[in-house]
Amino acid sequence: MSRAILSLCTGAGIMDRAFIDGGFNVIPGCEIDSRMRAMYAALCGGQPLCHDIQDLLPIVRGEGFDGIIGGPPCQAHSRMRSMRVPKFPDLTEEVRGILGVVPCRWFIMENVVPLNLPWLKTVRLDAMHYAWPHQSRPRWFTHSPNLSPPPPLYEGTVDSLMAYPIVAGRIYGPKRGACLQGYPAFADLPFPCADLQLGLANAVHYRMAWAWAKQAWELPQTEPMRLWV
């Protein structure tokens, strides 16, 4: 059975890297920011199938994947929406479109809330509350019912804190931020400091992504692919 998974809005690839390390063949689907695409190529290899998620649906329609992962921009769901017009819109509908035409065994999506979708009853919507000393905000993940949220991961040291991404990326420098995001080697990529900080600010913590990957890998391969919409 194929272990290929589709990644939406890949960012710099920290979440994808964890799934690659977990044994999956990750197909980068889309990423609109050219800086993120360059860092993704350095960290994970490869280029996305397209840049804009709105162009992805006809490319992957009917294709089957073991799973689908993604981290659409969070601005439409954050406090920023009341302060100014978000740079990126809410991409919930685009994600729903992909889940409605691409069969898969499981999926994990961040930042597609509030859903208010007909299939919400069949999917668990979980707020990931990691109350670290210097930052306490929910991380929103929507996932298929055959997965469950990983527990908080904290090893007792300052650098193992699962920092909220914007703290790791924009308040600390790349070295410190990369440690706080669980991927120290990211800071050694040959890119400007501002680009690295932005990549970290948009990332899912490596160890959180690894916990998702481990759980997804252990799902029975006999489970059929299905549409989730």
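Every number in this text was worked out from the coordinates using simple rules, so none of it is lab data. Everything numeric here is computed off the predicted structure, so don't read it as measured data. Backbone-built Cβ (ideal geometry, glycine too); neighbour counts: all protein chains shown.
Close amide H pairs (under 5 Å, H built 1.01 Å from N) link Gly70 with Leu8, Ile108, Glu110, residues at least 5 positions away or on another chain.
Residues Phe186, Phe24, arranged from fewest to most other Cβ atoms within 10 angstrom of their Cβ, appear as Phe24, Phe186. As a calculated quantity, the FRET efficiency between Glu93 and Ala4 at R0 = 35 Å, using C-beta atoms, amounts to about 0.90.
What order do you get for His51, His205, His143 when you list them from fewest to most C-beta neighbours inside 10 Å? Provide the component values of the computation, followed by the final result.
Numbers: His51 15, His205 26, His143 22.
Listing His51, His205, His143 from fewest to most nearby Cβ atoms yields His51, His143, His205.
Each residue of the range 8-21 was assigned a 3J(HN,Hα) from its phi angle through the Karplus curve 6.51 cos²θ - 1.76 cosθ + 1.60 (θ = phi - 60°); the sequence is 9, 6, 5, x, 7, x, 5, 5, 4, 4, 5, 6, 4, 5 Hz, with glycine and proline shown as x.
What FRET efficiency would be calculated for the residue pair Ile59, Ile171, taking the C-beta separation as r and a Förster radius of 35 Å, to the nearest 0.05? After rounding to 0.05, the efficiency reads 0.40. In this label model, Ala185 and Glu218 are separated by 2.4 nm, measuring between points 7 Å along each Cα→Cβ vector. Applied to the range 191-199, the Karplus parametrisation 6.51 cos²θ - 1.76 cosθ + 1.60 on θ = phi - 60° returns per-residue 3J(HN,Hα) values of 9, x, 3, 4, 5, 5, 4, 5, x Hz, with x for Gly and Pro.
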